[in-house]
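The values are calculated or read from the model by the stated rules, or taken from the named source; none is laboratory data. What you are looking at is a predicted structure, and each value in this text was computed from that prediction instead of being measured. Note: ideal-geometry Cβ built from the backbone for every residue, glycine included; neighbour counts use all protein chains shown.
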Amino acid sequence: MPTEPGNASHPARPAASGVGRRTLLGAGAALAAGIGAAAGALTGDDRDVRTDGASGAPAPEAAIPFHGARQAGVTAPQQAATHLLALDLPAAASRTAGRTTLRDVLRALTRTLAGTAGGPAPDPRLGDGTPARLTSLVGVGPALASRLGLRVPAALAALPPFPGDRLDPARGDGDLLLQLCADDRWTLSVVAELATTAARDAGATLRWAQSGFLPRTPPGTTPRNLFGFKDGTANPDRRAAEQWVWGPPGPHRDGTVLVYRKIHMELGAFTALPVERQERAIGRRAGDGVPLTGTAEHDDPDIYAKHPNGAYVIPPTAHVRLSSPRLDRGARMLRRSYSYDDGPDDRGLLFCAFMRDPALFTRVQTRLAARDALTPFVRHRASAVAYVLPGAPRGGVLGERL
Ligand code: HEM
């Protein structure tokens, strides 16, 4: 694996060399249009989204279909608001009994989520004439998978502890993970209530819930996090996502793994730093998200570029250096994070990333925990991992192949 000391094989290049730009151009136009377009390009199925006849763009009020090869909570362009829910299943007398409860809960969730994602509203609070534009995903946690002997990717496993973690078990983990996304909090609140009730009636209990949001961002541009930096720029294009985000050919092809971390951020301390120090901590410019080695936001950060005095342009402790796919043989994750606000003393990031193998997260987080310039300003407070199930075909139920 190429690492920092291996840089000798990468002769220093001048800052803003054309290499990063060429690489990026090869990555396709979707990235150039920002996360909305990039995530939309990951759909990879035949979802029937109604479009605006003139522009071909999705009509703003169009529902996003629930059914499809892959769950819309990963494939649809990122929406403004999210609500995550974790459910636990009761300890069962036998694997068969446990699987029956799981099947009942997944059937109840499928019915509720499919019913709220379009068509006639199942609840008068969702039905003011326009469809709810809900997207969702449902995933299975590693503990449940091993308890019931479920057919999940071999790579699905709980994350190891990382230095500096202060995890609250009551706000993390869970047998089932749901992520609901919509353009507004109202829809999420109503659907979360309907989904929780349906799951409870089928035998599950609510373990934790967490809501998050994005700033108002023009379509096709990258949203900012609460440190004020664009977050989600360097995401995989469609081809890279097939290799690194979705499962390999076989039963998990249309599934992926979600890594969720609730990360408290010391906003006052970080934003009080001079902007130039903030930019060196990230490795990108605050205003436009351009890497310190580039000229456009979607230029690839060139972690090998040096100043004439031999110092790296992107500092050794910069976040984009330590999280660079170049240190992981090109492996990539799809980040779709949200901000959260749990009162004046607790604001931060709901880090949500999708990848084929969560060992990638472990490698990146191990480097970040040790050296990232952001580390003194963040604290991981909750964590969860889940196998995001393939989508349900029309008339089908999530998790049929488990
Ligand atoms: C509160 C904590 C964090 C903040 C504020 C933060 C912020 C950022 C920012 C501003 C960027 C540059 C823009 C972009 O490409 O999206 C970035 C990139 C990235 N971050 Fe984070 N991040 C955080 C935590 C994490 C964690 C926990 C991981 C994984 C363990 C991670 C993985 C990455 C990756 C893979 C990239 C892209 C690197 C590249 O390809 O250039 N981040 N992050």
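Below, the figures for the structure above:
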{"item": "Any hit, segment 374-391, residues being of a type outside the set (Val, Ile, Thr), near the ligand (Cβ under 9 Å from one of its atoms) and part of a helix (DSSP H, G or I)", "result": "yes"}
{"item": "Single condition Pro218 does not satisfy, out of (1) modelled with pLDDT under 95; (2) in a strand (DSSP E or B); (3) not polar (S, T, N, Q)", "result": "(2)"}
{"item": "Residue check for Ala369: within 11 Å of the ligand (Cβ to nearest atom), farther than 18 Å from Lys230 by Cα and either modelled with pLDDT under 95 or assigned to a helix (DSSP H, G or I) (or both)", "result": "yes"}
{"item": "Odd one out for Glu279, checked against (1) free of Cβ contacts under 8 Å to residues at least 24 places away in the same chain; (2) assigned to a helix (DSSP H, G or I); (3) more than 16 Å from the ligand (Cβ to nearest atom)", "result": "(3)"}
{"item": "Any hit, segment 322-337, residues being away from the ligand (no atom under 11 Å from the Cβ), in a strand (DSSP E or B) and at pLDDT 95 or above", "result": "no"}
{"item": "Cβ pairs under 7 Å, 6+ apart, first in segment 341-361 and over 13 Å from Arg261 (Cα atoms) and part of a loop (DSSP other than H, G, I, E, B), second of a type in the set (S, T, N, Q) and at pLDDT 95 or above", "result": "Arg356/Thr256"}
{"item": "Test: residue in segment 340-355 that is surrounded by fewer than 16 Cβ atoms within 10 Å (Cβ to Cβ) and within 19 Å of Gln179 (Cα to Cα)", "result": "yes"}
{"item": "Test result for Arg200, without any contact (Cβ under 8 Å) to a residue 12 or more places away in the chain, within 15 Å of the ligand (Cβ to nearest atom) and among the charged types (D, E, K, R)", "result": "no"}
{"item": "Enumeration of residues in segment 158-201 that are in a strand (DSSP E or B) and more than 20 Å from Arg261 (Cβ to Cβ)", "result": "Ala182"}
{"item": "Residue that is surrounded by the fewest Cβ atoms within 10 Å (Cβ to Cβ) [pool: residues in segment 310-321 that are closer than 25 Å to Phe270 by Cα and away from the ligand (no atom under 13 Å from the Cβ)]", "result": "Ala311"}
{"item": "Residues being over 17 Å from the mean Cα position of the chain (by Cα) and among the polar types (S, T, N, Q) - total across segment 368-402", "result": "1"}
{"item": "Residue among Ser146, Ser211 that is outside any loop (DSSP other than H, G, I, E, B) and within 20 Å of the chain's Cα centre (by Cα)", "result": "Ser211"}
{"item": "Count of residues meeting criterion [within 15 Å of the ligand (Cβ to nearest atom), over 15 Å from the mean Cα position of the chain (by Cα) and at positive phi] in segment 221-259", "result": "1"}
{"item": "Matching entry among Leu85, Leu109, Leu126 (being of a type outside the set (Val, Ile, Thr) and closer than 26 Å to Arg381 by Cβ)", "result": "Leu85"}
{"item": "Any hit, segment 338-361, residues being polar (S, T, N, Q), out of contact with any helix residue (DSSP H, G or I) (no Cβ under 8 Å at 6 or more places or on another chain) and closer than 21 Å to Pro160 by Cα", "result": "no"}
{"item": "Residue that is crowded, with 23+ Cβ neighbours inside 10 Å, within 30 Å of Gln243 (Cβ to Cβ) and more than 21 Å from the chain's Cα centre (by Cα), where the choices are Ile303, Ile282", "result": "Ile303"}
{"item": "Condition broken by Arg239, with the remaining ones in (1) in contact (Cβ under 8 Å) with a residue 60 or more places away in the chain; (2) not in a helix (DSSP H, G or I) satisfied", "result": "(2)"}
{"item": "Matching option when the condition is touching a helix residue (DSSP H, G or I) at 6+ places or on another chain (Cβ under 6 Å) and of a type in the set (Lys, Arg), among Arg332, Arg261", "result": "Arg332"}
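The rows are residues; the columns are (1) more than 11 Å from the ligand (Cβ to nearest atom); (2) at pLDDT 95 or above; (3) at negative phi; (4) not in a loop (DSSP other than H, G, I, E, B).
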residue: Phe270; (1), (2), (3), (4): no, yes, yes, yes
residue: His298; (1), (2), (3), (4): no, yes, yes, no
residue: Asp302; (1), (2), (3), (4): no, yes, yes, no
residue: Pro308; (1), (2), (3), (4): yes, yes, yes, no
